[in-house]
Amino acid sequence: MSKQVVHSDNAPAAIGPYSQAIAVPAGQLLFCSGQIALRPDGSFVDGDAATQARQSMNNLGEVLKAAGMDFSHVTRCTIFMLDLNDYAAVNAVYAEYFGDKPPSRAAVEVSRLPRDARVEIDCIAVR
């Protein structure tokens with residue numbers, strides 16, 4: 001099985017030793033790394049959890065697009081939040097990206113995220 005690195009210049013570059021996404025086999029399955037509220041130029045979007053969730057989802061959308069996919073292909077997401085009191089606000093933003101068949105998901109509270117972000121979201125997509 002071979003893996004293909006997926007990269008979009010319209011999403012922020014990885015800030016560590018990882019790829020934006022990896023597609024296997026032959027692009028049928030896509031594992032997207034967690035996205036935080038970074039703009040494509042690497043600058044941080046400061047703001048509340050909803051604002052940061054929107055930027056995270058926009059970043060995921062660009063990575064999906066680079067793999068020839070979109071949010072309809074997403075089968076699984078994980079949302080990491082600094083504060084589960086932001087759950088409703090993040091859910092409201094998240095719901096805008098999926099139709100009536102949202103993917104399976106987990107949402108967890110964590111003690112800290114890269115760049116002190118409030119939200120990080122990753123996903124798995126299937127063609």
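Quick look at the values:
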read-out	value
Residues that are out of contact with any helix residue (DSSP H, G or I) (no Cβ under 6 Å at 6 or more places or on another chain), touching a residue at least 12 places away in the same chain (Cβ under 8 Å) and either outside any loop (DSSP other than H, G, I, E, B) or under 13 Å from F71 (Cβ atoms) (or both), drawn from the range 107-122	A107, V108, P114, R115, E120, D122
Residues being closer than 23 Å to I15 by Cβ, surrounded by fewer than 19 Cβ atoms within 10 Å (Cβ to Cβ) and touching a strand residue (DSSP E or B) at 6+ places or on another chain (Cβ under 6 Å) - total across the range 109-127	6
Residues within the range 16-31 that are surrounded by 12 or more Cβ atoms within 10 Å (Cβ to Cβ), under 17 Å from the mean Cα position of the chain (by Cα) and of a type outside the set (S, T, N, Q), tallied	6
Hits in the range 1-25 (condition: aliphatic (A, V, I, L, M) and out of contact with any Ser or Thr (no Cβ under 8 Å at 6 or more places or on another chain))	M1, A11, A13, I15, I22, A23
Residue count, the range 53-100 (criterion: of a type in the set (S, T, Y), in a helix (DSSP H, G or I) and crowded, with 17+ Cβ neighbours inside 10 Å)	2
Residue check for V126: farther than 17 Å from G34 by Cβ and in contact with a helix residue (DSSP H, G or I) (Cβ under 8 Å, 6 or more places away or on another chain)	yes
Subset of the range 50-100 that is touching a residue at least 60 places away in the same chain (Cβ under 8 Å) and of a type in the set (A, V, I, L, M, F, W, C) - its residue that is nearest to R112 (Cα to Cα)	A53
Candidates R76, R54 - the one that is of a type outside the set (A, V, I, L, M, F, W, C) and farther than 20 Å from P12 by Cα	R76
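Values quoted throughout were computed directly from the atomic coordinates according to the rules given, and no laboratory measurement underlies them. In this text, all values refer to a predicted model and were calculated from it rather than measured experimentally. Note that each Cβ is placed from the backbone with ideal geometry, even for glycine, and that neighbours are counted across all protein chains shown.
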